[in-house]
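The values are calculated or read from the model by the stated rules, or taken from the named source; none is laboratory data. These figures come from a predicted structure and were not determined experimentally. Virtual Cβ from ideal backbone geometry, glycine too; neighbours counted across all protein chains shown. Ligands, DNA and RNA are stripped out before the accessible areas are found, and what is left, the full protein with its side chains, is counted by its heavy atoms. Shrake-Rupley method; radii C 1.70, N 1.55, O 1.52, S 1.80 Å.
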Amino acid sequence: MFGDSDAATGRPAGVLTLAEFGDDGIAALAARYRVEFCLVGDGETIPGTFWGEPEAGIIGQRLYARGDTPMHSVLHELAHVVCMSAARRAQLERDAGGDDAEECAVCWLQIALADELDGVGRRRLMRDMDAWGYSFRLGSAERWFAEDADDARHWLERRGLIDAAGRSTFLLRGG
């Protein structure tokens with residue numbers, strides 16, 4: 001399903017984009033974290049993007065994306081804002097920083113947050129992550145999440161970002 005590339009973009013075909021999903025759900029999810037979702041017009045530059053367009057961007061507590069931004073990217077950058085310290089968030093522009101443990105926690109949270117969005121869900125998001133080129137030790141996002149992500153889950157629990165059942169508390173790290 002995802003082995004082919006879109007002829008126009010060269011990107012993996014079939015990866016869910018913001019335009020296909022709609023921006024209301026992500027705006028509401030971001031607002032639960034006190035993060036402002038900013039929709040960028042087609043063809044406009046995405047502020048705060050680390051990897052370049054069409055990847056989502058972050059500046060402070062603002063999340064930027066446009067219609068061709070993959071949903072996995074939107075959720076990943078939102079999870080970065082959630083997982084970073086308040087001091088880093090206050091100075092955030094483009095580069096989320098953090099260490100390997102935090103990056104794993106970001107990936108875990110982005111997968112869990114996909115279940116908060118009707119029409120996305122963790123299984124779809126993990127397939128899209130694999131198609132886009134995320135790299136996990138066990139070869140796929142789904143295997144990593146199921147078999148090798150306990151450290152990431154515990155990282156999130158210790159910081160109060162998820163509860164014991166693995167559901168988001170909708171809090172930002174450090175307030």
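Share of carbon and sulfur in the accessible area of the chain stands at 46%, probe radius 1.4 Å.
Per residue, the chain reaches -12000 deg cm²/dmol at 222 nm when only DSSP H runs of four or more residues are counted, each adding -39500 (n - 2.57). With 28 Å as the cut-off, how large is the P(r) tail for the chain, expressed as percent of Cα-Cα pairs? Above the 28 Å cut-off, the chain has 16 percent of its Cα pairs. Using a Gaussian network model of the chain in which every pair of alpha carbons under 10 angstrom is joined by a spring, one finds that among 64, 33, 134 the greatest mean-square fluctuation is at 134. Modelled label positions at residue 134 and residue 101, each set 7 Å beyond Cα in the direction of Cβ, lie 2.1 nm from each other. For the residues 55, 77, 147, a GNM of the chain with alpha-carbon springs under 10 Å puts the largest fluctuation on 147.
Taking all protein chains as shown and a probe of 1.4 angstrom, residue 138 keeps an accessible surface of around 50 Å². Phi-derived couplings, Karplus 6.51 cos²θ - 1.76 cosθ + 1.60 at θ = phi - 60°, listed residue by residue for the range 165-170: 8, x, 8, 4, 8, 6 Hz, with x used for Gly and Pro.
Between 91, 110, 61, the Gaussian network model of the chain with springs among Cα atoms under 10 angstrom shows the greatest mean-square fluctuation at 91. Cβ-Cβ distance of residue 164 and residue 32, R₀ of 25 Å, FRET efficiency by 1/(1 + (r/R0)^6): the value works out to about 0.80.
Could you provide, to the nearest whole Å², the per residue accessible area of the chain with probe 1.4 Å? Using a 1.4 Å probe on heavy atoms only, each residue of the chain averages 48 Å².
With the simple model of a label 7 Å out from the Cα in the direction of the Cβ, residue 86 to residue 59 spans 2.4 nm. The calculated FRET efficiency for the pair residue 123 and residue 45, based on their C-beta separation and a Förster distance of 41 Å, comes to about 0.80.
Between the C-alpha center of the range 58-110 and that of the range 126-140 there is a gap of 18 Å.
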